[in-house]
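Participant: Take this structure first; my questions come after.
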Amino acid sequence: MNGFENKENLTILAIESSCDETACAILKDGVILGECISTQIALHREYGGVVPEIASRNHVLDVGRVVDKAVKDSGINLSDVDVIAVTKGAGLLGSLLVGVSYAKGLAYSLGKPLIGVNHIRGHVAANYLAHPDLPLPYVGLIVSGGHTALAVVESKTKFHIVGSTADDAAGEAFDKVARVLGLPYPGGPEIEKLAASGSPSVPMPKVKMKNPYDFSYSGLKTAVINYVHNAEQKGEVINKADVACSFQNAAVDMLVDNAIALANERGIKAIAVAGGVAANGKLREVMQEKASRNSIQSYFPPKKLCTDNAQMIASEAYVQLRAGAELSPYTLDAKATLPFE
Ligand code: KG4
Ligand code: ZN
């Protein structure tokens with residue numbers, strides 16, 4: 001019991017700082033009142049990826065302004081907030097610590113309770129903001145820069161993981177392939193843009209796993225690297241759009257086919273996708289098409305709630321508080337790795 005299971009007008013202020021976005025959102029009774037998000041993408045782009053030290057420093061610079069702006073945007077007073085929520089993991093430790101320390105200071109100074117939130121569960125909870133009526137159980141496909149998992153979601157707080165990746169996470173594979181093609185960070189949106197003008201003419205290996213619900217991206221990544229190197233050695237110019245399109249199609253097919261196979265095997269009629277890669281238009285299109293052919297309904301958060309944000313953290317805190325989850329002590333620590341099952 002946490003005392004907020006049935007609280008009317010339950011108001012949550014949530015902070016997210018696990019990677020390169022500093023964000024805050026205010027949620028009242030399951031509805032977002034205001035938010036602010038500051039992205040550091042431009043700062044990290046020149047290094048080809050997130051530099052942890054630079055990320056932590058910029059969270060320190062941004063967090064106060066972001067929280068103030070979200071509060072102003074929501075039209076509430078800080079005294080109206082019931083609980084302060086914050087991402088406690090998984091993520092970059094230095095980045096997480098900025099959000100956790102700020103949240104603790106804010107909670108302590110206001111005399112409000114604190115709840116630490118699991119970032120990956122937050123990605124999943126983004127779907128509840130857009131689809132509060134999402135039917136349970138559903139198949140959850142979680143595809144971010146650090147995680148790839150297929151789960152049976154029995155209730156909003158109970159997951160059973162059935163498949164995961166043997167190597168790279170889906171988003172990581174997009175980022176690595178983008179780098180091979182000389183595209184900037186983050187690679188996922190760049191691959192998607194380039195693939196739109198390409199055709200799937202580059203052969204990609206079919207991935208076969210012992211557990212049919214597992215994923216593997218190393219084969220696709222190696223196929224792209226070999227293709228690019230062979231062309232370089234022969235002095236041939238490659239069509240980057242074709243490479244991007246071929247890779248994206250193969251990566252998307254693997255995600256969609258595994259999720260649909262699991263739904264069919266379990267007789268589940270809903271699939272919900274979450275995480276940064278869920279912003280991918282091809283994934284959204286192919287999932288919707290194949291799911292409906294199998295009489296399955298597919299759900300995605302709005303694109304801007306797929307990548308890191310604080311609305312999803314507020315949503316997950318709301319789920320946890322309503323379910324009676326324990327509050328966190330003011331000694332809450334951040335964790336770089338955190339299981340979410
Ligand atoms: O969920 P997220 O914002 O951060 C993590 O928790 O990891 O995911 C970031 C990942 C990056 O790898 C990025 O390239 C990928 O999501 N991503 C995309 C797209 N937008 C972001 N991948 C494919 N297509 C996109 N449109
Ligand atoms: Zn994330």
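The rows are residues; the columns are (1) within 16 Å of the chain's Cα centre (by Cα); (2) surrounded by 16 or more Cβ atoms within 10 Å (Cβ to Cβ); (3) not assigned by TED's automatic domain parsing to the domain that holds THR87.
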| residue | (1), (2), (3) |
| --- | --- |
| ILE115 | no, yes, no |
| ASN118 | yes, yes, no |
| LEU129 | yes, yes, yes |
| LYS158 | no, no, yes |
| ALA170 | yes, yes, yes |
| LYS176 | no, yes, yes |
| LEU183 | no, yes, yes |
| LEU194 | no, yes, yes |
| LYS208 | no, no, yes |
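Participant: Quick check on my filter: what residues within segment 153-183 are in a strand (DSSP E or B) and of a type in the set (D, E, K, R)?
Facilitator: Residues of segment 153-183 that are in a strand (DSSP E or B), as a first pass: 153-155, 158-165.
Residues satisfying the conditions are GLU154, LYS158.
Participant: Quick one: would you say ALA336 is of a type in the set (A, V, I, L, M, F, W, C) and out of contact with any helix residue (DSSP H, G or I) (no Cβ under 7 Å at 6 or more places or on another chain)?
Facilitator: Values: of a type in the set (A, V, I, L, M, F, W, C): yes; out of contact with any helix residue (DSSP H, G or I) (no Cβ under 7 Å at 6 or more places or on another chain): no.
So ALA336 fails the test.
Participant: Given (1) over 16 Å from PHE247 (Cβ atoms); (2) buried (at least 21 other Cβ atoms within 10 Å of the Cβ), where does PRO137 come up short, assuming only one miss?
Facilitator: (2)
Participant: Please work out which residue is nearest to ligand 2 (Cβ to nearest atom), limiting yourself to segment 306-325 and to residues that are among the aliphatic types (A, V, I, L, M) and open to solvent by 10 Å² or more (accessible area, probe 1.4 Å). Talk me through it step by step, then tell me what you get.
Facilitator: Narrowing segment 306-325 to residues among the aliphatic types (A, V, I, L, M): 310, 312-314, 317, 319, 321, 323, 325.
Narrowing the set further to residues that are open to solvent by 10 Å² or more (accessible area, probe 1.4 Å) leaves 319, 323, 325.
On the way: VAL319: 17, ALA323: 22, ALA325: 20 Å.
So, considering only residues that are among the aliphatic types (A, V, I, L, M) and open to solvent by 10 Å² or more (accessible area, probe 1.4 Å), the one nearest to ligand 2 (Cβ to nearest atom) is VAL319.
Participant: So which residues in segment 1-32 are part of a strand (DSSP E or B) and in contact with an Asp or Glu (Cβ under 8 Å, 6 or more places away or on another chain), if there are any at all? Spell out how you get there, then give the answer.
Facilitator: Step one: list which residues in segment 1-32 are part of a strand (DSSP E or B), which gives 11-16, 21-28, 31-32.
Selection gives THR11, ILE12, GLU16, GLU21, THR22, ALA23, CYS24, ALA25, ILE26.
Participant: Further question on the same structure: Given the options VAL51, VAL67, name the one that is surrounded by fewer than 23 Cβ atoms within 10 Å (Cβ to Cβ) and of a type in the set (Val, Ile, Thr).
Facilitator: Numbers: VAL67 fails: surrounded by fewer than 23 Cβ atoms within 10 Å (Cβ to Cβ).
Within the list VAL51, VAL67, the selection yields VAL51.
Participant: I've got another one for you. Being open to solvent by 10 Å² or more (accessible area, probe 1.4 Å), within 13 Å of ALA310 (Cβ to Cβ) and among the small types (Gly, Ala, Ser) is the requirement here; does SER74 meet it? Give the steps one after another, and end with the answer.
Facilitator: Working: open to solvent by 10 Å² or more (accessible area, probe 1.4 Å): yes; within 13 Å of ALA310 (Cβ to Cβ): yes; among the small types (Gly, Ala, Ser): yes.
Considered against the rule, which asks whether it is open to solvent by 10 Å² or more (accessible area, probe 1.4 Å), within 13 Å of ALA310 (Cβ to Cβ) and among the small types (Gly, Ala, Ser), SER74 comes out as yes.
Participant: I'd like to know if segment 315-323 contains one or more residues that are outside the structural domain of LEU106 (by TED's automatic domain parsing) and touching a strand residue (DSSP E or B) at 6+ places or on another chain (Cβ under 6 Å).
Facilitator: No: zero hits.
Participant: Restricting to segment 295-312, count the residues that are within 11 Å of the chain's Cα centre (by Cα) and β-branched (Val, Ile, Thr).
Facilitator: Qualifying residue count, segment 295-312: 1.
Participant: Restricting attention to segment 263-313, report how many residues are within 16 Å of ligand 1 (Cβ to nearest atom) and small (Gly, Ala, Ser).
Facilitator: From segment 263-313, those within 16 Å of ligand 1 (Cβ to nearest atom) are 272-288, 300-313; that's our starting set.
Now narrow it down to the ones that are small (Gly, Ala, Ser): 272, 274-276, 278-279, 281, 310.
Looking only at that region, the number is 8.
Participant: Ok, one more. Is segment 278-289 home to any residue that is surrounded by fewer than 18 Cβ atoms within 10 Å (Cβ to Cβ), within 22 Å of LYS156 (Cα to Cα), within 17 Å of the chain's Cα centre (by Cα) and within 16 Å of ligand 2 (Cβ to nearest atom)?
Facilitator: Checked segment 278-289: no residue is surrounded by fewer than 18 Cβ atoms within 10 Å (Cβ to Cβ), within 22 Å of LYS156 (Cα to Cα), within 17 Å of the chain's Cα centre (by Cα) and within 16 Å of ligand 2 (Cβ to nearest atom).
Participant: Go through segment 327-341 and give me each residue that's part of a loop (DSSP other than H, G, I, E, B) and surrounded by 22 or more Cβ atoms within 10 Å (Cβ to Cβ). Steps first, answer last, please.
Facilitator: The initial filter retains those residues of segment 327-341 that are part of a loop (DSSP other than H, G, I, E, B), namely 327, 329-341.
Correct list: ALA334 only.
Participant: If a residue counts only when it is without any contact (Cβ under 8 Å) to a residue 60 or more places away in the chain, which helices (runs of 4 or more DSSP H) contained entirely in segment 212-326 have at least 1 such residues?
Facilitator: Working: elements: 218-234, 240-266, 281-293, 311-322.
Result: 218-234, 240-266, 281-293.
Participant: Being away from ligand 1 (no atom under 15 Å from the Cβ) and out of contact with any Asp or Glu (no Cβ under 6 Å at 6 or more places or on another chain) is the filter here; which residues of segment 167-201 pass it? Explain how you work it out, then say what you get.
Facilitator: Residues of segment 167-201 that are away from ligand 1 (no atom under 15 Å from the Cβ), as a first pass: 182, 197, 199-201.
The answer is GLY182, SER197, PRO200.
The values are calculated or read from the model by the stated rules, or taken from the named source; none is laboratory data. Everything numeric here is computed off the predicted structure, so don't read it as measured data. As a convention, Cβ positions derive from the backbone with ideal geometry for all residues, glycine included, and neighbour counts pool all protein chains shown. Just so you know, the surface numbers come from the protein's heavy atoms only, side chains and all, with ligands and any DNA or RNA stripped out. Shrake-Rupley method; radii C 1.70, N 1.55, O 1.52, S 1.80 Å.
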